[in-house]
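See structure below.
The values are calculated or read from the model by the stated rules, or taken from the named source; none is laboratory data. Worth saying up front: this structure is predicted, and the values here are computed from it rather than measured. Neighbour counts run over all protein chains shown; Cβ positions are idealised from the backbone, glycine included.
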Amino acid sequence: MMKKITLGEIAEACGGQFIGDKKNLTKCVTNVVIDSRQVTDGSLFVAIKGERTDGHLYIEKSYGQGAVCAISEQILSVDAPYILVRSSKQAIKDIAEYYRSLFYNIEVVGISGSVGKTSTKEMIASVLSQEFIVHKTQGNFNNELGVPLTLLAMPEDTEVAVIEMGISDFGEMTRLSKMVRPTVCVLTNIGCCHLENLKDRDGVLKAKTEMFRYKAEDALIFVNGDDDKLRTVENVTAFYGIGRENDYHAENIRNTGENSVFCTMCFGETKLDATIPALGNYMAANALGAAAVGKALNMSNENIVKGIESYKTVGSRANLVTTELFKIMDDCYNANPTSVKAAIETLCQIAGGRKAAILGDMKELGENELALHAEVGRYAAESGVNALITVGELAKAISDNAEGVECYHFDTVKQAIEELDGILHKGDIILVKASHSMHFEEIVSFLKEL
């Protein structure tokens with residue numbers, strides 16, 4: 001249940017013109033939605049013009065389903081209250097900023113980074129939920145539409161909010177931070193992503209640290225000290241990461257099964273053993289970040305470990321699927337050079353059969369995109385990948401630079417699927433990874449069915 005927020009407050013927050021019977025200004029909304037299929041009694045329906053459809057086409061339908069009001073960029077001929085605004089997208093951000101301000105006594109953890117945002121968000125939420133009522137970003141609702149929707153979905157009894165913040169250009173993080181107002185800031189790493197806009201890793205660092213512009217005055221800052229760029233951040237509360245130089249570091253990292261990693265988390269005089277139910281040594285760093293936040297919020301060591309060991313992987317992120325023929329490392333949600341190298345490292349750590357990697361184009365890498373793809377190819381060869389299948393125009397540079405590796409290249413996912421049965425062997429351990437727009441989930445589905 002939302003905190004009480006009236007139509008009058010909403011109109012004032014977004015600077016909109018309330019049209020309708022003024023008696024309705026005192027009515028409260030039960031939720032805020034942009035999809036008419038999610039409208040229930042008391043909803044505020046925000047009509048947004050999208051790439052596929054225009055929400056204004058569904059305003060009348062929303063009233064019929066119980067919406068108490070709509071946000072519209074157009075004058076409507078309806079016998080129901082609505083708020084007229086210049087921009088619905090800006091309005092929802094303004095309303096979210098106001099709604100966030102009603103939660104003046106909660107902790108809000110803002111999380112960003114080039115790789116591992118969602119995994120770290122889930123890890124932190126899993127830890128904090130052992131002692132607090134936690135509201136978290138669902139899925140990857142981390143952009144300028146997802147973040148306000150996440151904030152507006154906060155129940156009134158929320159004690160800690162864990163908000164993922166994703167960006168692709170300068171200025172975006174400032175706008176997100178203005179809504180989120182984090183009391184705890186977490187940055188996972190600075191990688192080669194969105195370089196079309198951000199140019200280089202220094203640009204990525206500058207864009208990500210815009211989070212600090214609207215942080216609380218006494219906000220805590222936790223960054224991954226294994227990252228050379230994040231090491232330059234000032235006024236850090238604590239560095240976390242695998243390296244011993246970090247305030248929170250890991251020892252004894254080892255794979256303990258098909259889908260788990262053991263590590264000893266060390267900070268101060270404390271050493272905590274934890275088994276993380278996920279693939280990849282890098283998950284130890286995510287666990288350390290969660291431990292750092294948990295200790296800052298005065299959690300017990302026992303509950304921190306319990307939270308880490310209760311972690312659940314979300315979607316197609318380093319998820320190991322075992323079929324009759326293969327072990328498939330489904331990591332096809334997204335890709336950049338940093339995350340692909342980490343996935344290759346994890347693939348080569350899994351005990352068992354031949355290591356095969358199916359890799360596709362990594363998008364938005366800017367003018368050095370081919371060199372960055374080539375770098376991944378060399379890394380795959382050095383790491384011990386046995387077979388490499390690449391798909392897409394850019395990904396050809398991966399296979400072209402993987403010397404000594406059995407390589408195959410295809411222009412499209414369809415072409416690759418037609419040939420995979422003849423390339424892969426029973427018992428193979430297969431990594432599947434590419435940018436989301438490559439639709440590599442089709443490859444994962446095919447492999448599962450073989």
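Tabulated data for the structure shown
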| item | result |
| --- | --- |
| Selection from segment 356-371 of residues that are touching a helix residue (DSSP H, G or I) at 6+ places or on another chain (Cβ under 7 Å) and surrounded by 23 or more Cβ atoms within 10 Å (Cβ to Cβ) | ALA357, ILE358, LEU359, GLY360, MET362 |
| Which listed residue, of ASN286, ASN259, ASN281, is at pLDDT 95 or above, in the same structural domain as THR188 (by TED's automatic domain parsing) and surrounded by 15 or more Cβ atoms within 10 Å (Cβ to Cβ) | ASN286 |
| Residue match in segment 1-9 (condition: surrounded by fewer than 17 Cβ atoms within 10 Å (Cβ to Cβ), of a type in the set (A, V, I, L, M) and without any contact (Cβ under 8 Å) to a residue 24 or more places away in the chain) | no |
| Which listed residue, of ALA13, ALA80, is outside any helix (DSSP H, G or I), on the phi < 0 side of the Ramachandran plot, surrounded by 15 or more Cβ atoms within 10 Å (Cβ to Cβ) and over 24 Å from the mean Cα position of the chain (by Cα) | ALA80 |
| Hits in segment 262-278 (condition: surrounded by 18 or more Cβ atoms within 10 Å (Cβ to Cβ) and of a type in the set (Gly, Ala, Ser)) | ALA274, ALA278 |
| Output for segment 187-239, where each listed residue is acidic (Asp, Glu), free of Cβ contacts under 8 Å to residues at least 60 places away in the same chain and surrounded by fewer than 19 Cβ atoms within 10 Å (Cβ to Cβ) | ASP200, ASP202, GLU217, ASP218, ASP228, GLU234 |
| 1 or more residues charged (D, E, K, R): qualifying helices (runs of 4 or more DSSP H) within segment 141-258 | 172-180, 195-198, 201-208 |
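So that you can scan it fast, the table gives a plain yes or no per residue for (1) over 20 Å from GLY280 (Cβ atoms); (2) surrounded by fewer than 22 Cβ atoms within 10 Å (Cβ to Cβ); (3) touching a residue at least 24 places away in the same chain (Cβ under 8 Å); (4) not hydrophobic (A, V, I, L, M, F, W, C):
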{"residue": "HIS373", "(1), (2), (3), (4)": "yes, no, yes, yes"}
{"residue": "ALA395", "(1), (2), (3), (4)": "yes, no, yes, no"}
{"residue": "ASP400", "(1), (2), (3), (4)": "yes, yes, yes, yes"}
{"residue": "GLU403", "(1), (2), (3), (4)": "yes, yes, yes, yes"}
{"residue": "HIS425", "(1), (2), (3), (4)": "yes, yes, yes, yes"}
